[in-house]
Each structure stands twice: as structure tokens, then as C-alpha cells.
Amino acid sequence: MIRSDSNFCLKLRHNPSAMGQNTNPLTEKGVSNMKYPIILKSKSNGYYEAEPLGIPELRFVGNSEADTLQKLMLALKEWFTSSKIVQINIPEIQESNPWLKACGRSSDDPDFDDFIKEIKYMRTENMKQ
């Protein structure tokens, strides 16, 4: 979101609501061009495929690089003008280590010592083979 008015950018950094509730900077007067990274691939069949980085649903194929990029540019303009970017807070999930849940589960098992003896026996038998 680049605007030609540098004071406006400073206001946005310190007060994001300076743009207004439902304002989209891409549709306002004075907005300069926005640069966005595009993945452009030359396909073996002579076609070109273009996809904006991070927006895979806007993938276009064309006969030339220019044709493909033009289609994508129009779609991106529509996509950005009909969308807005918002941020939400997601609370951190305090999950315990799942491996710790298993620690000590056999401490009261009366057959645990026999289980360990059987494991040792099986290991020695496998070593003999």
C-alpha cells in the first residue's frame, strides 16, 4: 500500500485507522503502482503460466509472457480492490508436551518388571541370530 503522500504513510504507521473504516488505498486518488512478486513459468507446450506469490487461486495461462501477465494484472487489481487486509489476534495455545503425558504411566503396573525382562530377553535372542 504505497501512497504518494509521505505524511499519510507516517499517519498510517502511527494510526492505522487514519485510512477510515472501509477505505481501500488501491481505489483512492493518488495511489501509485503496487509491486507484487509473480511466478512466471514457460511451459513446454509454448504457453506461459503466471501466479502471484501467495495467491495460488489467481493462476493464469497465456500464449505469451505479456498476455499472461496482462490477464494476471487485471485479476490482481480486481482481487485487491474487492478485498481488504485485516489482522486478528490468535491466542497462544498452551499445550503440554505430549510425550510427557506418557511419562510414569507404568509406575504402578505390577507387570512392568516382567515386561522389561522380556524386552531384554528378546534383544539377546535377536543378537544371536
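No lab work stands behind these numbers, since they all come straight from the coordinates. The structure displayed is predicted, hence computed values, not measured ones. All Cβ positions, glycine included, derive from the backbone under ideal geometry; neighbour counts span all protein chains shown.
Computed about its Cα centre, the charge dipole of segment 56-95 is approximately 240 debye, with only Lys, Arg, Asp and Glu carrying charge at their Cβ.
Projected onto its three principal axes, the C-alpha set of segment 55-113 covers 75, 31, 11 Å, listed from the longest axis down. Shown for Val61, Val86: other C-beta atoms within 10 Å of each C-beta, ranked fewest to most, produce the order Val86, Val61.
Using the Kirkwood radius over Cα pairs, work out the Stokes-Einstein diffusion coefficient for segment 23-129 at 10 °C and 1.306 mPa s, in µm²/s as a whole number. It comes out at roughly 78 µm²/s.
Here segment 88-113 is scanned for amide nitrogen atoms under 14 Å from the site 7 Å beyond the Cα of Lys120 along Cα-to-Cβ, giving 112-113.
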